[in-house]
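Please read the structure below before turning to the comments.
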Amino acid sequence: MKLKPRTLYRWYRDIISNYHQDKATGKFASGKVYEFDLETGEMHKEQVVHIVKPENVGASMCIDEKMISKRYSTILSNQESGKIALLIDSVKPGLVKQSLELLGKENIDKIQYINLDMSPTMKKICSDTIPEAVKIIDKFHVIKHIMEALNTVRLEIKQTLKQSKEPTKDNPNGWTDLELLEKSRYLLYKMWNTLNKESKLILEAVFKKYPELCQAYYLVQDIRNWYDKKNIGAAELKIENELDHWLTKARQSKIKAFKFIVKMLEKHRDDILRYFLKGQTNAKAENLNSKIQRFITNSYGTRDKDFFFYRTQIYFT
């Protein structure tokens, strides 16, 4: 007898797993938060908090967003163990704040460090709900924005070039200028000392033709060197002086794409500098997001979202 996949799925959900029992006993999705009308005070939405695991709260936590089935979920995870402490299928500040309170004040008070991105919403949620915790802007989110600025410089140059199929004699491999810029895309993301001889020749050809891109590349190299592990635990004044020196160089470059980077670093300066206290990052949270994405792919999507979150609780808490 050939069984349909849907039949096997229902057997797994309704008979083999403890999904229904755990929902009935409150071991899964027992948390509830509510949305109220600000004018009338009337409740107009009830939201299930699928995962609440106070035992996974520790001194250092990460809070991040993850797209699951075309909606963003908020995930609070342990920075050391990588286990989920809280998952709510929403990023609305009011609902997220209420869901964090379900962990209990005694557990919230355990949190000494909270790693997050530069989202104003997340920063406000953390300030309101975990006021005593030290906020640390994740290093990799900062680097990501800086890399995007570097690629913007490359793309702006590329847009000024005309399409041509004629090879250029002074380019490596006889590439056209457009091909040269395209081939250099991922090389620009690498540190100079990690490149092989051939890659360096390609970038040298790019930098000779486009000095602004060369300037942008070395600005990125400098900030990545500043973020190096060797500076973790270094004197605060040294770290700040090096950042100020880089900001001055970025301003003097007058590269349009880096104006946003300068403003970003100035706005979040204190929270960015706290990275150098202990070198904490959202790496475990990003790794968790990758695992959840693989889980989604292996599960062929999340049509039955409630059961998907139940399985997420089993695997990642």
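Can you bin the stretch 1-62 into rounded, prolate or oblate? Criterion: square roots of the alpha carbon gyration tensor eigenvalues sorted a ≥ b ≥ c, rounded for a/c under 1.5, prolate for a/b above b/c, oblate for the rest.
Details: a/c = 3.08, a/b = 1.65, b/c = 1.87.
Oblate is the answer for the stretch 1-62, as a/c is 1.5 or above yet b/c matches or exceeds a/b.
Per residue, how big is the convex hull of the stretch 194-317 when only Cα atoms are used? Give it in Å³. Before the final figure, lay out each step's value.
Values: hull volume 24.7 nm³, N = 124.
Once divided by residue count, the hull of the stretch 194-317 is 199 Å³.
Counting only protein heavy atoms, what percent of the accessible surface of the stretch 253-305 is carbon or sulfur at a 1.4 Å probe? Present the calculation step by step, with values, prior to reporting the outcome.
Values: 1550 of 3080 Å².
Its accessible area is 50 percent carbon and sulfur atoms.
So how tilted is helix 236-253 from the main axis of the chain? Cα-based, degrees 0 to 90, rounded to 10.
60
Sticking with the crude label model, points 7 Å out along Cα→Cβ, report the distance from ASP222 to LYS278 in nm, one decimal please.
Spacing of the two 7 Å Cα→Cβ label points: 3.2 nm.
If you average the sequence gap of Cα pairs under 8 Å that are 6 or more apart and divide by the length of the chain, what percent do you get for the contact order? Walk me through the intermediate numbers first.
Working: 410 pairs, mean separation 55.4, N = 317.
With pairs under 8 Å counted, the relative contact order is 17 percent.
Test of the criteria: in the stretch 66-166, which GluC sites (Glu not before Pro) are in a DSSP loop and have at most 14 other Cβ atoms within 10 angstrom of their Cβ? Can you show the working numbers first?
Numbers: sites: GLU80, GLU101, GLU106, GLU132, GLU148, GLU156; in loops: GLU80, GLU132.
Those that pass, being in a loop and sparsely packed, are GLU80, GLU132.
Taking the 0 to 90 degree range and rounding to the nearest ten, how far is the long axis of helix 256-267 tilted relative to the main principal axis of the chain, both from C-alpha atoms?
Here the helix axis deviates by roughly 50 degrees.
Can you give the % of DSSP beta bridges in the stretch 50-183 that are antiparallel, to the nearest 5?
Working: 14 of 21 bridges.
Antiparallel bridges: around 65 percent, rounded to the nearest 5.
Working out 0.36 nm times the residue gap between TYR72 and LYS256, then minus their Cα-Cα distance, what length gain in nm do you get to one decimal? Mind dumping the intermediate values first?
On the way: separation 184, 0.36 × 184 = 66.24 nm, distance 3.14 nm.
Full extension from TYR72 to LYS256 adds 63.1 nm.
Accessible area per residue of the stretch 27-168 at 1.4 Å probe, in Å²? Present the calculation step by step, with values, prior to reporting the outcome.
Numbers: 7070 Å² over 142 residues.
That works out to 50 Å² per residue.
Taking the Cβ-Cβ separation of ASP14 and LYS83 as r and a Förster radius of 41 Å, what is the calculated FRET efficiency to the nearest 0.05? Show your work: numbers first, answer last.
Details: r = 27 Å, r/R0 = 0.66.
Efficiency at R0 = 41 Å is approximately 0.90.
So what are the ³J(HN,Hα) numbers for the stretch 113-130, from phi and the Karplus equation (6.51, -1.76, 1.60; θ = phi - 60°), rounded to whole Hz, Gly and Pro as x?
Listing the rounded values in order: 10, 10, 9, 8, 8, 8, 4, x, 4, 5, 5, 5, 4, 5, 5, 6, 9, 10 Hz.
Determine the shape class of the stretch 67-128: with a ≥ b ≥ c the square roots of the Cα gyration tensor eigenvalues, call it rounded for a/c under 1.5, and otherwise prolate if a/b is greater than b/c, oblate otherwise.
Values: a/c = 1.43, a/b = 1.29, b/c = 1.11.
Rounded, because the longest to shortest axis ratio a/c is under 1.5.
Per 0.36 nm of contour for each residue apart, how much would the distance between GLU148 and TYR189 grow if the chain were fully extended, relative to their Cα-Cα spacing? Working shown, then result.
Working: separation 41, 0.36 × 41 = 14.76 nm, distance 0.97 nm.
Value of the extension gain: 13.8 nm.
Working from Cα positions, state the angle (0 to 90°, nearest 10) between the long axis of helix 211-226 and the longest principal axis of the chain.
Computed tilt is about 50 degrees.
How much of the accessible area of the stretch 98-249, in percent, comes from carbon and sulfur atoms when a 1.4 Å probe is used?
On the way: 4360 of 8420 Å².
Summing carbon and sulfur atoms, their accessible area is 52 percent of the total for the stretch 98-249.
In whole percent, how big is the carbon plus sulfur part of the accessible area of the stretch 1-88, probe 1.4 Å, protein atoms only? Walk me through the numbers on the way to the answer.
Details: 2800 of 5370 Å².
Using a 1.4 Å probe with all protein chains present, the stretch 1-88 comes out at 52 percent carbon and sulfur.
Report the far tail of the P(r) of the chain, meaning the percent of Cα-Cα pairs longer than 28 Å.
Details: 27085 of 50086 pairs.
In whole percent, the share of Cα-Cα pairs in the chain beyond 28 Å is 54.
Compute the distance in nm between two label points, each set 7 Å from the Cα along the Cα-to-Cβ direction, one at LYS32 and one at TYR315.
3.0
Under 10 Å, Cα contacts only: if you run a Gaussian network model on the chain, which one of LEU273, LEU116, LEU187 comes out with the highest mean-square fluctuation?
LEU187
May I ask you to give the solvent-accessible area per residue for the stretch 176-317, in square angstrom, as obtained with a 1.4 angstrom probe? Before the final figure, lay out each step's value.
Values: 7860 Å² over 142 residues.
Result: 55 Å² of accessible area for each residue.
Show me the three semi-axes of the equivalent ellipsoid for the stretch 48-94, from the C-alpha gyration tensor (sqrt of 5 times each eigenvalue), largest first, rounded to whole Å.
Numbers: eigenvalues 72, 23, 16 Å².
That gives 19, 11, 9 Å for the three semi-axes.
Counting chymotrypsin sites (Phe, Trp or Tyr not before Pro) as exposed when in a DSSP loop with at most 16 other beta carbons within 10 Å, what is the longest stretch of the chain free of them? Numbers along the way, then the final one.
Values: sites that count: TYR186, TYR300.
Here the longest segment lacking exposed loop sites spans 1-185.
Report, by chain and number, residues whose modeled amide H sits under 5 Å from the one on GLY31, excluding near sequence neighbours (fewer than 5 apart, same chain).
For GLY31, the qualifying residues are VAL49.
The values are calculated or read from the model by the stated rules, or taken from the named source; none is laboratory data. A quick note: this is a predicted structure, and the numbers were derived from the prediction, not measured. Cβ: placed from backbone, ideal geometry, glycine included. Neighbour counts: every protein chain shown. These accessible areas exclude ligands, DNA and RNA; they are computed on the full protein's heavy atoms, side chains included. Shrake-Rupley method; radii C 1.70, N 1.55, O 1.52, S 1.80 Å.
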